[in-house]
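Structure first, then comments.
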Amino acid sequence: MSRGFINLEKKKKRLVTRTIILAILAIAIGYTVYGTATKEKVELVAVGSEAPNFTLVDLNGEKHKLSDYRGQGVFLNFWGTWCKPCEKEMPAMNSQYQVFKDLGVQTLAVNIAQTDLEVQNFVDKYGLTFPVVIDKTKSVMTAYNVGNLPATVLIDPDGKVVKITTGEMTEATIASYMELIKPK
């Protein structure tokens, strides 16, 4: 065989290979565009919206379902043991929980996917008395569109989101937020 015939065969193989790769890329791009265009829109949690229901388990193995708190205000705080602002506000949250728990405001602290031991050590260190649950799969964090920690969602007795805030809170701020969601 001549050298020219071999080069022609190599060129044909490269052309076929390139065509196949381009076809695969075109299909992948088309699928991505189609998937993005037809994807259901995720409802973002916003002030005035219904708070997404969830069930999480606390450190004692008890289940906490948000809908079980209907009729009470819920101070829903997302946090992590590694988060310094979270650590700073926990004693103030615990203090205000003691003030408001008998006035119809519940505190529910949602830890983001840490081990039971890490969370239990933190709870013991600060003597926390409100329910602490762990969002092991981050599904609640995702449902509430939580990005930065700490994040707090205030839920009124009717299950509506009243306020969403991120960042460290003072004890006075926590008290004013609990007052805001206290049943009338």
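Tabulated data for the structure shown
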item	result
Residue-count net charge about Thr170 - beta-carbon cut-off 10 Å; Lys, Arg +1, Asp, Glu -1	-2
FRET efficiency, Thr55 to Ser176 (Cβ-Cβ, R0 41 Å, nearest 0.05)	0.90
Per-residue HN-Hα couplings for region 167-175 [Karplus 6.51, -1.76, 1.60; θ = phi - 60°; Hz; x = Gly/Pro]	x, 5, 10, 7, 5, 5, 5, 4, 4
Dimensionless Rg ratio for the chain, taking C-alpha atoms and the 2.2 N^0.38 Å reference	1.63
Computed FRET value (nearest 0.05) for Lys184 with Asp124, which takes r as the C-beta separation and R₀ as 45 Å	0.80
Calculated FRET efficiency for the pair Lys88/Lys13, C-beta based, R₀ 41 Å, to 0.05	0.05
DSSP beta bridge pairing in the chain, given as percent antiparallel to the nearest 5	60
Probe 1.4 Å, accessible area per residue of the chain, Å²	60
Of all accessible heavy-atom area on the chain, the percent that carbon and sulfur account for (1.4 Å)	58
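The values are calculated or read from the model by the stated rules, or taken from the named source; none is laboratory data. Predicted model, so just to flag it, every value in this text is computed and none were measured. Note that each Cβ is placed from the backbone with ideal geometry, even for glycine, and that neighbours are counted across all protein chains shown. With ligands, DNA and RNA removed, areas are computed over all heavy atoms of the protein, side chains included. Shrake-Rupley method; radii C 1.70, N 1.55, O 1.52, S 1.80 Å.
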